[in-house]
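First the structure, in the form of structure tokens, and then the observations on it.
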Amino acid sequence: MSAALLAAAAMLGLLASGAGAVAPVKLRAVLTVILTVAACGCAGAAAVEVLSTGHTAVIETGSLMPLSRFALGLDALGALFTLVAASIGACAMVFRLGYAGHGLSSRTASSTLPLFVTTLLLVPAASNVTTFLYLWELMALTSLVLVLTDHRHRPEVQVAGQWYAVMTQLGAAAILIGLVLLATRAGSQSFTAIAERGPRLTPSVRDTVFLLTLGGFASKAGAVPLHVWLPRAHPEAPGPVSALMSAAMVNLGIYGIVRVGDGLLGGGPAWWWLLVMAVGALSALFGSLHSATSTDLKRLLAYSTTDNVGLMLLGVGASGLFAATGHRTLALVALAAALLHVAFHAVFKGSLFLSAGSVQQATGTRDLDSLGGLLRAMPVSAPIFIVGALAIAALPPLCGFVSEWLLLQAMLHGLPSSNTAIAIAMPVGVGALALTGGLTAATFVKAVGIGFLGRPRNEAVATAGDVPRSMATGAGVLATACLVLGVAPFLVLPAVLDAARTATGTTIADPLSRGWSLGLSGVHGALAPGLIAAGLTLAIGLVAGARRLAQVRALRHVEAWGCGREIQTARMQYTATSFAEPLIRVFDDVLQPVHDLDISHTAESRYYVESARFHTSLEDGFERHLYRPATSMLRWWGALTRRIPNGSVHRYLVFGFVALVLVLVVVA
């Protein structure tokens with residue numbers, strides 16, 4: 001049954017793509033949304049059946065791809081990622097019904113968007129190298145087309161598309177080389193056969209494959225230093241596409257690392273996972289710091305994706321390190337925490353990006369310094385964003401708290417340890433998690449406080465209204481899931497544990513869910529999210545009741561953030577720039593801000609200042625110090641090589657002679 005549902009999802013996705021290409025404009029959006037949501041439903045149902053029964057859904061045919069078989073095999077690990085992608089895809093497509101602008105109504109975009117969602121559903125099900133690479137490249141190309149949908153109207157989109165195209169193709173090339181090398185040495189391209197022979201390959205082959213695939217998958221996940229495409233492409237993409245890329249596509253980078261490192265190679269030496277943890281810690285800290293200092297709402301969310309990917313990599317790396325040093329129970333807990341954070345990040349980041357798309361459509365801007373007062377102007381969309389913000393800040397009783405608590409438990413209970421690697425890596429991981437949590441909280445205090453509270457800063461924001469019901473529904477379902485999964489994580493924990501066991505090939509006792517509390521088998525720790533939620537609700541109710549009973553005189557109503565003043569204007573409020581200024585000063589050596597002071601003098605005398613404008617800009621340090629010099633070098637090389645083909649036959653003969661001599665020398 002699960003195989004039939006998976007095949008139906010693929011067929012419905014292709015049908016939706018065809019409908020987007022040929023349907024008239026009035027029916028295009030409705031048809032593509034209905035068919036794509038149906039495809040997500042079928043894929044989600046197939047994933048649920050695989051997770052509940054433990055049986056792999058297998059589809060194989062030799063008629064679709066020349067010289068190879070098209071093979072799908074959805075196991076528990078892939079089913080978790082397919083289920084997450086199906087949930088995000090369905091909500092994003094419902095949101096798309098009311099979303100206007102960014103060229104999504106064109107035939108190209110209407111046919112590409114369902115195809116992109118379909119690849120997100122099928123990549124985790126690929127069961128041989130050729131099928132995986134084909135679906136992976138199709139996912140990359142369709143996402144690139146969607147990023148570029150508005151390239152005719154905004155030059156920033158063209159630049160973002162160029163960065164994304166280069167980084168995603170370099171990553172795909174690394175994955176291609178790594179998997180082809182693995183398949184060649186294993187003697188088969190079937191994932192099942194590779195998983196049997198992979199652990200017995202020579203260390204040099206295993207190390208090479210792991211490093212190549214780690215680089216390729218980390219670039220898709222947006223991990224530092226391969227993240228530079230992400231803060232450019234996510235803000236410029238249409239709202240539903242941004243949500244799909246951040247909440248579903250980057251997850252597949254984590255999937256690839258787990259599938260190859262744990263599944264196909266059967267784990268590896270401790271230094272593999274120390275490297276993964278180092279990349280994770282750097283990504284978490286770098287992403288959270290840039291997110292805290294960003295004033296563009298979608299750029300802020302893009303950097304927070306890098307931040308959360310770093311936390312996932314910390315969990316994956318800790319799991320591999322524990323497994324390499326013989327701590328199998330902690331390895332299972334750490335990987336379960338990482339996979340749980342994958343699922344929960346998809347939920348709250350999907351709601352945040354969709355809500356940000358609502359804000360952009362309603363106000364025409366993403367600049368937090370231009371927003372304000374949206375809680376009153378958008379009474380439905382604003383609370384949805386706030387719920388997502390509380391979840392990403394890991395506040396109980398929302399879902400982000402549970403996954404980060406589980407990750408913290410795994411790393412803390414690895415200490416004290418006589419193993420040097422664990423004794424060094426775990427405190428660093430705990431420190432990165434703690435500092436990242438503080439910076440994330442500051443980030444979303446800024447985003448909510450500046451953008452949604454206070455007074456509107458311009459007329460367009462003041463007159464903004466809420467978005468169509470379909471948009472609020474798509475984002476609202478995910479926001480509701482943030483609360484439900486935070487109170488009852490046991491709804492998804494068994495699936496996460498099955499996925500972790502499948503990835504590691506272990507049969508160790510699971511961390512168990514006991515009713516409304518979460519107990520950890522083999523690890524001393526317990527969490528009762530339901531009791532926390534009940535306690536918080538009771539405490540808030542008691543405080544509100546006590547305040548009402550203690551009130552002896554009528555309250556005086558003043559404007560929010562008015563500090564008791566009767567007259568309050570938007571210019572008296574904090575801006576996102578001023579809110580982040582202390583952080584910029586503290587981390588000045590890391591961020592290296594560029595300050596610009598523009599002074600205008602009066603026409604009568606240059607000694608009198610008419611106006612002064614101070615502007616601070618922040619650039620990505622890796623882009624400035626790594627990628628720009630590399631780009632300059634490539635341009636120099638390109639200019640040099642253009643001089644070589646000058647039309648001279650004598651020069652071409654010399655080149656041919658030199659090449660022939662070199663070949664003969666090498667062969668000899």
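Here, each number is a calculation from the coordinates, and none is a lab measurement. Everything numeric here is computed off the predicted structure, so don't read it as measured data. Reconstructed Cβ throughout: ideal geometry from the backbone, glycine too, with neighbour counts over all protein chains shown.
A few notes on this one:
- Residue exposure proxy: R154, R376, ordered by other Cβ atoms within 10 angstrom of their Cβ from fewest to most, comes out as R154, R376.
- Taking each residue as 0.36 nm, the span from H601 to V661 lengthens on full extension beyond its C-alpha to C-alpha distance by 14.6 nm.
- Computed FRET value (nearest 0.05) for T420 with F622, which takes r as the C-beta separation and R₀ as 41 Å: 0.90
- Relative contact order of the chain, defined on C-alpha pairs under 8 angstrom at six or more residues apart (%): 12 percent
- Evaluated over the Cα positions of segment 591-644, the convex hull gives a direction-averaged projected area, one quarter of its surface, of 6.6 nm².
- The residues Y164, Y607, when put in order of fewest to most other Cβ atoms within 10 Å, stand as Y607, Y164.
- Put a plus charge on the Cβ of each Lys and Arg, a minus charge on the Cβ of each Asp and Glu, and nothing anywhere else: the dipole of segment 1-268 about its Cα centre is then about 360 debye.
- Taking the Cα atoms of segment 273-548, the ratio Rg/Rh between the radius of gyration and the Kirkwood radius comes to 1.01.
- For the chain, the dipole from Cβ point charges (+1 on Lys and Arg, -1 on Asp and Glu) about the Cα centre works out to 520 debye, to the nearest 20.
- Under 25 Å from K446, Cα to Cα: lysines that are on another chain or at least 8 residues apart: K298, K349
- Alpha-carbon Debye profile of segment 50-101, log10 I(q)/I(0) at 0.16 Å⁻¹: -0.68
- Of N458, V22, L72, farthest towards positive along the dipole that unit charges on Lys, Arg, Asp, Glu beta carbons give the chain: V22
- Sites Q158 and R107 - FRET efficiency at Förster radius 25 Å, r taken between beta-carbons, to 0.05: 0.75
- Fewest-first ranking of V477, V461, using other Cβ atoms within 10 Å as the exposure measure: V477, V461
- Helix-derived mean residue ellipticity, 222 nm - over the chain, DSSP H n ≥ 4, -39500 (n - 2.57), to 500: -22500 deg cm²/dmol
- Computed from the Cα positions only, the extents of segment 18-78 along the three principal axes stand at 43, 34, 13 Å, in decreasing order.
- Distance from segment 203-280 to segment 361-390 (C-alpha centre basis), Å: 31 Å
- A dipole drawn for the chain from +1 and -1 charges on Cβ atoms has a positive end, and of I422, G280, P203 the residue lying farthest that way is G280.
- Here the spin labels are modelled as points 7 Å beyond Cα on the Cα-Cβ line, and at A462 and R197 they lie 7.2 nm apart.
- Stokes-Einstein diffusion for segment 1-268 at 37 °C, viscosity 0.692 mPa s, with a Kirkwood radius from C-alpha pairs, works out to 176 µm²/s.
- For the chain, alpha-carbon Rg and Dmax in angstrom: 26.3, 101
- Taking every alpha-carbon pair under 8 Å whose residues sit at least 6 apart, segment 273-548 reaches a relative contact order of 24 percent.
- Across segment 125-136, rounded Karplus estimates of 3J(HN,Hα) from the backbone phi angles (6.51 cos²θ - 1.76 cosθ + 1.60, θ = phi - 60°) give 9, 4, 10, 9, 5, 4, 4, 4, 5, 4, 5, 5 Hz, Gly and Pro being marked x.
- Normalised per residue, the volume of the convex hull around the Cα set of segment 258-315 (Å³): 59 Å³
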